[in-house]
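Read the structure below first, then the notes.
The values are calculated or read from the model by the stated rules, or taken from the named source; none is laboratory data. Keep in mind the model is a prediction, meaning the values are calculated, not measured. Backbone-built Cβ (ideal geometry, glycine too); neighbour counts: all protein chains shown. Heavy atoms of the whole protein, side chains included, go into the accessibility calculation; ligands, DNA and RNA do not. Shrake-Rupley method; radii C 1.70, N 1.55, O 1.52, S 1.80 Å.
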Amino acid sequence: MGLPPLSDDAVVLGASAPSWRDALRLAGGALVSSGAATDAYTDAMIAMVDEHGPYIVISPGLAFAHARPGSAVLRDGLSVVTLASPVAFGHPHNDPVSVVLGLAVAEVGTHLESIGEIANLFNDASVTSRLAAASSAAEVRTIMGVST
């Protein structure tokens with residue numbers, strides 16, 4: 001399957017977020033703007049961190065926001081948010097976060113595939129800094145190897 005497409009509506013560059021919750025609202029809002037999810041999905045992503053802690057901060061500077069597939073997902077979607085000023089999520093090693101990925105998938109099987117694709121992409125430690133410095137949605141898509 002690979003990663004879901006990444007539309008211009010799903011990319012927010014140089015955003016301001018005073019807290020990790022605000023950063024997740026930006027990532028969730030981009031999923032909503034792109035037609036992939038509803039506002040309830042954003043709430044579910046935040047609830048996952050409230051319940052399980054900052055496990056979504058998967059490497060230095062990178063948060064991977066997601067929630068379980070369900071009715072709040074309209075179609076598979078991906079969002080990318082870069083932050084003008086990094087935000088602490090409370091992770092002991094990988095804070096602060098400058099790039100937030102949002103992932104919405106409709107089915108459990110594709111959810112696991114997409115997570116694997118993201119893990120493979122970010123095995124290259126330079127990807128996070130390259131995304132943080134990106135100046136256009138097209139550049140973000142090129143770095144991530146995804147389509148519109």
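Restriction of the GluC sites (Glu not before Pro) in the stretch 66-125 to DSSP coil positions whose beta-carbon has at most 14 other beta-carbons within 10 angstrom yields E107.
Given their separation in residues at 0.36 nm each and the Cα-Cα distance between them, D39 and I115 gain 25.2 nm when the chain is fully extended.
In the context of the full set of protein chains, the chain has a per residue accessible area of 43 Å² (1.4 Å probe).
When the solvent-accessible area of the chain is split by element, carbon and sulfur atoms take up 53 percent of it, the probe being 1.4 Å. For the chain, the residue among G70, M45, N120 whose Cα projects farthest onto the positive side of the dipole built from Cβ charges is N120. The magnitude of the dipole of the chain, with charges of +1 and -1 set on the Cβ of Lys/Arg and Asp/Glu and taken from the Cα centre, is near 140 debye. The residue list S85, A10, L101 was ranked by how far each Cα lies along the charge dipole of the stretch 1-133 toward its positive end, using unit charges on Cβ atoms, and S85 comes out on top.
Starting from 0.36 nm per residue, how many nanometres of slack lie between R75 and T148 once their C-alpha separation is accounted for? Show your work: numbers first, answer last.
Details: separation 73, 0.36 × 73 = 26.28 nm, distance 1.42 nm.
That works out to 24.9 nm of additional length.
Sequence-distant contacts, meaning Cα pairs under 8 Å at least 6 residues apart, place the relative contact order of the stretch 35-81 at 58 percent. Within the chain, the proportion of Cα pairs with more than 25 Å between them is 16 percent.
Cα centroids of the stretch 83-148 and the stretch 1-40: 11 Å apart.
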